[in-house]
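The values are calculated or read from the model by the stated rules, or taken from the named source; none is laboratory data. What you see is a predicted model; the values in this text were computed from it and never measured. Neighbour counts are summed over all protein chains in view; Cβ atoms, including those assigned to glycine, are modelled from backbone coordinates with ideal geometry.
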Amino acid sequence: MKSSSRLDRLPPYLFAELSRKIDAKKAEGVDVISLGIGDPDTPTPPLAAEALAEAAADPATHQYPSNRGRPELREALSRFYDRRFGVALDTETEIVPALGAKECIFNLNLAFLDPGTAALAADPGYPVYTGGPLLAGAEAVLMPLLPERGFAPDLSAISGEDAQRARVMYLNYPNNPTGAVVPDGLFEEAIEFARANDVLVVHDASYTETTFDGYVAPSFLATPGAKEVGVEVFSLSKGYNMTGWRTAAIVGNAEAVEAYWKLKTNIDSGMFEAVQLAQAAVLDEGDEVPREMNTIYARRRDLVCDALEEIGVEVTRPKGTIYVWAPVPEGHTSASYCELVLEESGVVVSPGAAYGPNGEGFFRISLTIDDERLAEAVERLRSSLSSGSSGGARPANAPPALRRYT
Ligand SMILES: *Cc1c(COP(=O)(O)O)cnc(C)c1O
């Protein structure tokens with residue numbers, strides 16, 4: 001059997017070695033606590049399940065959906081964008097439902113990239129920004145996100161050649177994995193860059209509803225001129241505890257939305273209409289859901305950050321997302337530190353390098369685990385990793401000095 005060469009282009013799975021070690025620990029009987037994956041642990045709001053049950057009982061929802069989506073959903077998305085972001089969306093041309101932000105972002109690569117062209121992808125970043133272009137036969141050009149720039153890419157550093165090849169640019173704020181919120185002026189700069197280089201800006205809005213300390217995240221589309229050059233991919237997965245539901249939408253530039261729709265009509269047959277109606281109900285009636293979740297995540301964030309500070313890890317408290325992004329101690333790579341944490345405390349954290357070369361030197365902690373287990377994990381980190389006892393052997397391949405996140 002021969003699989004396609006496009007699969008061979010994917011980079012090696014960076015969690016593979018860590019997964020093997022996790023399995024080995026579990027086999028030894030260690031009670032492993034995973035702070036690795038970002039998947040909300042609390043249930044989907046009852047209003048979603050109730051709306052789904054009602055809609056699913058109606059045979060009118062049982063046939064093939066259209067890829068355009070039910071008018072009820074497009075209207076609810078339009079109302080939500082107006083109320084929440086002050087952004088007006090045309091329900092006929094500027095909104096199409098997506099089976100999750102992941103599906104949407106992947107398929108945008110197929111809709112916009114050809115061999116020889118490229119996507120500009122945040123590094124570190126959500127893996128689909130780089131894997132998607134490769135599977136589409138194109139390339140990803142990495143835009144480093146550095147702490148000293150507030151994790152904003154330096155668009156002036158993109159070479160003329162890369163700018164010419166680029167057809168799309170992926171941005172994501174609040175940002176996974178760094179927890180950064182959008183730096184002032186970045187959206188404006190991206191719009192200017194997109195105009196000058198004929199690039200489609202794709203803003204991944206997976207965490208706009210997940211913010212703390214009074215910070216309210218903007219929509220990219222609220223920046224003047226955004227709709228002429230860009231789209232936003234809005235997802236209910238993280239903010240509304242709906243990861244399993246595959247509820248998202250692409251909104252914004254009509255030409256880009258149309259290209260996505262045209263591609264999709266050849267790939268899938270859309271979102272179950274009962275799920276569409278449940279998504280509409282959550283958008284209309286669920287404003288308090290993310291607010292309640294944010295209280296929980298902010299508390300967990302403080303629990304984690306307090307403990308990290310106590311063990312000598314400098315950390316910036318994120319104003320959004322479900323992650324804490326922290327520097328690994330001097331002398332470690334992100335992989336060697338994650339192995340040490342697992343070895344000494346039975347706690348799984350994600351190596352920053354899994355999100356791109358500029359994630360090296362960091363690790364990511366996910367806040368999606370119940371308070372009691374998180375407290376237990378934090379206690380273990382505190383007792384086994386406090387400065388002094390965390391002197392695991394320096395790996396041979398460790399870079400001489402790792403960037404500090406200050
Ligand atoms: C979780 C996540 C996604 C995936 O969202 P779905 O809507 O569940 O597919 C996309 N982008 C980022 C940055 C994420 O963290």
Within the range 309-324, of all residues that are surrounded by fewer than 21 Cβ atoms within 10 Å (Cβ to Cβ) and modelled with pLDDT of 95 or more, the one farthest from the ligand (Cβ to nearest atom) is ARG317
When every residue in the range 172-210 that is assigned to a strand (DSSP E or B) and more than 14 Å from the ligand (Cβ to nearest atom) is compared, the one farthest from TYR81 (Cα to Cα) is LEU200
GLY132 vs (1) over 22 Å from the mean Cα position of the chain (by Cα); (2) part of a helix (DSSP H, G or I); (3) of a type in the set (Gly, Ala, Ser): all pass except (1)
When every residue in the range 143-166 that is touching a helix residue (DSSP H, G or I) at 6+ places or on another chain (Cβ under 9 Å) and surrounded by 21 or more Cβ atoms within 10 Å (Cβ to Cβ) is compared, the one farthest from GLY38 (Cα to Cα) is ALA166
By residue number, the members of the range 4-19 that are at pLDDT 85 or above and in a helix (DSSP H, G or I) are SER5, ARG6, LEU7, ASP8
Filtering the range 108-151 for residues that are within 16 Å of the ligand (Cβ to nearest atom) and small (Gly, Ala, Ser) leaves a count of 7
Matching residues in the range 284-342 (out of contact with any Cys (no Cβ under 8 Å at 6 or more places or on another chain), more than 30 Å from LEU73 (Cα to Cα) and of a type in the set (Lys, Arg)) number 3
When the range 114-131 is checked residue by residue, the ones that are in contact with a helix residue (DSSP H, G or I) (Cβ under 6 Å, 6 or more places away or on another chain) and farther than 19 Å from LEU146 by Cβ are THR117, ALA118, ALA119, VAL128
By residue number, the members of the range 50-82 that are surrounded by 12 or more Cβ atoms within 10 Å (Cβ to Cβ) and either among the charged types (D, E, K, R) or assigned by TED's automatic domain parsing to the domain that holds THR295 (or both) are GLU50, GLU54, ARG68, ARG70, GLU72, ARG74, GLU75, ARG79, ASP82
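Results for (1) outside the structural domain of PRO318 (by TED's automatic domain parsing); (2) more than 26 Å from PRO45 (Cβ to Cβ), shown as yes or no for each residue.
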| site | (1), (2) |
| --- | --- |
| ALA226 | yes, yes |
| GLU232 | yes, no |
| ARG246 | yes, no |
| GLU258 | yes, yes |
| GLY270 | yes, no |
| VAL275 | yes, no |
| MET293 | no, no |
| ASP302 | no, no |
Taking first residues from the range 309-327 that are without any contact (Cβ under 8 Å) to a residue 60 or more places away in the chain and second residues anywhere that are among the aliphatic types (A, V, I, L, M), the pairs with Cβ under 6 Å that are 6 or more apart or on different chains are VAL313/ALA326
Filter the range 89-106 for residues that are in contact with a strand residue (DSSP E or B) (Cβ under 8 Å, 6 or more places away or on another chain) and in a helix (DSSP H, G or I); the one that is nearest to the ligand (Cβ to nearest atom) is ALA101
